[in-house]
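Data first, discussion second: the structure below is written as structure tokens.
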Amino acid sequence: MIIVSGCLLGIPCKYDGGTSLSKQVRAFVADKSYAMVCPETMAGLLAPRPPAEIVCGRVVNASGEDLTEVFRRGAERAWEVATEKAKERGEEITLAILKARSPSCGCGRIYDGTFAGVTTAGDGVFTALLKEKGIRVITEEEIDAYTEEERR
């Protein structure tokens, strides 16, 4: 089973109330078993909401409010939901396709906390949790390369 960020499948859960619909991700999971999650809304955050970024290991929004614990709760809840679905289906979670640069779902690169669109090396809170659990994480920007790898 695959974990997928809800925004990539067209759910309006992004901080600005929009989506990050990815036709490539949608096509990739069309014939696969997946669990759609949004750690931020699963933590009770509304859409729209102020943007958040990771600063010195803490998740803060543009107003300076520390949301680290909220993001951790959301990551844990998303993991619980995904593992419950996997268990119900008798499947293992083998992959997560998550939103690039997000403070929850970013993988390898995240926004740097300046709210200026600058990125830095790092993982979002949910991605870090998944990696601790041994789950491979890619972003929507890597789906084509992953598909090629899968075909080999």
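No value in this document is a laboratory result; all are computed from the given coordinates. Since the structure is predicted, the reported quantities are computational estimates derived from the model, not experimental observations. FYI the Cβ positions are ideal-geometry reconstructions off the backbone, even for glycines, and counts take in every protein chain you see.
Taking every C-alpha pair closer than 8 Å and separated by at least 6 residues, the mean separation divided by the residue count of the chain gives a relative contact order of 23 percent.
Antiparallel beta bridges, as assigned by DSSP with both residues in region 2-147, represent about 40 percent of the total such bridges.
Counting lysine pairs in the chain that sit 8 or more residues apart in sequence, or on different chains, and whose Cα atoms lie under 19 Å apart gives 12. Taking the chain as a whole, the Cys residues whose C-beta sits 4.7 Å or farther from every other Cys C-beta are C7, C56, C105, C107.
Taking the chain as a Gaussian network, where each spring joins two C-alpha atoms under 10 Å apart, which residue of C56, C105, C38 fluctuates the most? Of the options given, C56 has the highest mean-square fluctuation.
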